[in-house]
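Colleague: Here it is: the structure, laid out below.
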Amino acid sequence: MKYKVKLWGVMGSCPGGKKELLEYGSNTSSVTIMNNNTLVIFDCGSGIVGLGHSDIDFTKFKKIVIFITHYHYDHIIGMPFFSLFYNPNLNISIYAPRFQGLNSKDVLSMLFKEPFLPMNINQLKANIEYNNIEDYDTVKVNDLEIDKFRTDHPGINYAYRVKKDNHIFSYITDLEHSKEIDESLIEFVRNSTNIYYDSNFTDEEKYLPRYEGWGHSSHSKGIKLMFDSNSKNIYLGHHGLHRKLKELIEVDEATPENVIIAKEGMEFDL
Ligand SMILES: [Zn+2]
């Protein structure tokens, strides 16, 4: 059965932070891969809230699986407001990193805690299984194979790659790199049909000393990665809130058709 990829949140940092960029989106990182019986979610930024409130019948999914890249707010802030967690009829598996010796459930439980929320993680109604992503080489979700790649980002972060037959979707967000992109990352995304890529910075900003260590990449590095890895299309996302609307439009217009500035709500085949 065919899978569709959908971008529910393409902004970095903080949801709803900038009216000027509304044309591209207002929600933070969340992407789904879905067909009639499987739902895979990458990251639970505020974009995931819209997914939960969509008119999709979630009880039809045999599997609902969530992969978290890391725990910075823009990748998890939608979690407490994700309606699927409050549905007792759903089975959900979460794969997320360990952090400083803590298991993923222990880290996530910090989010579901007074005084930030009037409840704790054990009060969620869905049947949720928590996994540490480090314990798996490849995670199989029905006929999808999902692999991870550790990127250079403050704390910890994993990029993910989804394979089905010869279709590959690479979710590469939140990564710092030197002037050259790591060969092993090029190998990881090789022959992708579609890449979603962290383009938080413009190329001019990327190597400014003040942004060193922020753990992000740029438009042109994504495009180079696409060419070097023999990949087909790239969606440039994780837009920084300091970005100007005209900068995004300029990149959109200056680049070929297979280089797409990611917009909230975009959908494409796996
Ligand atoms: Zn981020």
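The values are calculated or read from the model by the stated rules, or taken from the named source; none is laboratory data. Since the model is a prediction, treat every value here as computed from it, not as a measurement. So basically every Cβ, Gly included, is an ideal-geometry build from the backbone, and we count neighbours across all protein chains shown. The protein model used for the area step is the full one, side chains on, heavy atoms only, and it has no ligands, DNA or RNA in it. Shrake-Rupley method; radii C 1.70, N 1.55, O 1.52, S 1.80 Å.
Colleague: By how many degrees, 0 to 90 and rounded to 10, does the Cα axis of helix 245-254 deviate from the longest principal axis of the chain?
Modeller: 60
Colleague: Ok, one more. Given the pairs 105/164; 6/125; 6/232; 19/244, which are separated by over 22 angstrom at their Cα positions? Spell out each step's value before the answer.
Modeller: On the way: 105/164 29 Å; 6/125 26 Å; 6/232 17 Å; 19/244 11 Å.
In this structure, 105/164; 6/125 lie more than 22 Å apart at Cα.
Colleague: Would you mind pulling out the separation of the Cα centroids of the stretch 205-238 and the stretch 1-66, in Å?
Modeller: 22
Colleague: Okay, helix-only estimate at 222 nm for the chain: each DSSP H run of n ≥ 4 adds -39500 (n - 2.57), divide by all residues, round to 500 deg cm²/dmol; what do you get?
Modeller: -4000 deg cm²/dmol
Colleague: Considering only 77, 36, 127, whose Cα is most displaced toward the positive end of the charge dipole of the stretch 4-269, charges sitting on Cβ of Lys, Arg (+1) and Asp, Glu (-1)?
Modeller: Looking along the dipole axis, the top candidate is 127.
Colleague: Does anyone have the angle between helix 219-228 and the longest principal axis of the chain? Alpha-carbon axes, 0 to 90°, nearest 10?
Modeller: 90
Colleague: So, one more: Report the Stokes-Einstein translational diffusion coefficient (µm² s⁻¹, integer) for the stretch 4-269, Rh taken as the Kirkwood radius over Cα pairs, at 25 °C with viscosity 0.890 mPa s. Please report the intermediate quantities before stating the final value.
Modeller: Numbers: Rh = 18.6 Å.
Rounded to a whole number, D works out at 132 µm²/s.
Colleague: Under a GNM of the chain (C-alpha, springs under 10 Å), which listed residue has the highest mean-square fluctuation: 166, 157, 127?
Modeller: Most flexible of the set in this elastic network: 166.
Colleague: How much accessible area per residue does the stretch 19-128 have, counting only protein heavy atoms and a probe of 1.4 Å, in square angstrom? Write down the numbers at each step before the final one.
Modeller: Details: 4850 Å² over 110 residues.
Value for the stretch 19-128: 44 Å² per residue.
Colleague: Quick check: at a probe of 1.4 Å, how many percent of the accessible area of the stretch 4-269 sits on carbon and sulfur atoms? If you can, show how the numbers build up before the last one.
Modeller: Details: 5770 of 11760 Å².
Here carbon and sulfur together make up 49 percent of the probe-accessible area.
Colleague: Shifting gears a bit: Would you mind working out the magnitude of the charge dipole of the stretch 98-244 relative to its Cα centre, with +1 at each Lys and Arg C-beta and -1 at each Asp and Glu C-beta, to the nearest 20 Debye? All intermediate terms of the calculation are to be shown ahead of the outcome.
Modeller: Working: 19 positive and 23 negative charges, 91 e Å.
It comes to approximately 440 debye.
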